[in-house]
Structure formats: C-alpha cells, structure tokens
Amino acid sequence: MSDKQPRFDRITEDYDVVVYMGDNAGDLPLGTKGMNRAARNAAIDAAQEEFGTQYIVFLNPAYGSWVGALAKDYMTMSPEAREEFYAKTLTE
C-alpha cells in the first residue's frame with residue numbers, strides 16, 4: 001500500500017477537499033501508513049466524527065489490503081494458518 005498522506009497534504013494546500021472516499025484507512029488523510037493495528041485503530045477512533053460526512057468508507061470485497069492488515073505476517077501464512085486466523089480474528 002502506498003503512502004497517500006503526502007498527496008493529501010499537497011492537495012489541501014490549494015484546494016478545500018469536500019469528501020474523501022475509499023475502502024481502507026490508507027485512502028483517508030489519517031496518516032496511518034506504517035502504524036500497527038492498535039495505533040491505526042486509535043487514529044480512526046480520533047477521527048470518528050468525520051466518518052459518514054467527510055470520510056466515506058465502502059467495502060471492496062474483490063481485492064485490497066483489508067485482510068492483510070489484520071496480521072503483519074498474513075502474506076506468509078499457510079492456507080491452513082489463514083483459515084485458523086480468520087476463524088479467530090473475524091469472529092471476535
């Protein structure tokens with residue numbers, strides 16, 4: 001996932017952005033690139049009043065980083081380990 005924050009910062013120098021839309025926190029100007037899950041969640045919680053007005057999040061079930069963002073080592077997990085991880089994490 002690329003760091004979009006520098007682009008967000010540059011755009012807001014010349015424009016008033018009305019709404020940000022995307023399928024994960026990296027699509028919003030929250031500065032979450034490189035954060036662990038706890039820090040990312042805290043940044044999202046701190047911006048909760050923006051969601052539904054200035055920040056619009058929509059599901060992208062076809063592809064994306066949403067599953068890999070749940071575990072740092074997701075991409076190296078075996079299929080069996082991923083299934084176990086899903087069962088544990090996505091039902092919490």
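The values are calculated or read from the model by the stated rules, or taken from the named source; none is laboratory data. This one's a predicted model, so the numbers in the text were calculated from it and none came from an experiment. Glycine also receives a Cβ, built like all others from the backbone with ideal geometry; neighbour counts cover every protein chain displayed.
Has region 55-63 got at least one residue that is assigned to a helix (DSSP H, G or I) and either in contact with a Cys (Cβ under 8 Å, 6 or more places away or on another chain) or of a type in the set (A, V, I, L, M, F, W, C) (or both)? No, there is no match, as no residue in region 55-63 is assigned to a helix (DSSP H, G or I) and either in contact with a Cys (Cβ under 8 Å, 6 or more places away or on another chain) or of a type in the set (A, V, I, L, M, F, W, C) (or both). Restricting attention to region 1-24, the residues that are at pLDDT 90 or above, of a type in the set (A, V, I, L, M, F, W, C) and either closer than 24 Å to ASP73 by Cβ or out of contact with any helix residue (DSSP H, G or I) (no Cβ under 8 Å at 6 or more places or on another chain) (or both) total 4.
Within region 1-32, restricting attention to residues that are surrounded by 15 or more Cβ atoms within 10 Å (Cβ to Cβ) and part of a loop (DSSP other than H, G, I, E, B), the residue that is nearest to the chain's Cα centre (by Cα) is ASN24. If you go through region 33-51 and keep only what is part of a helix (DSSP H, G or I) and touching a strand residue (DSSP E or B) at 6+ places or on another chain (Cβ under 9 Å), you end up with ILE44, GLU50.
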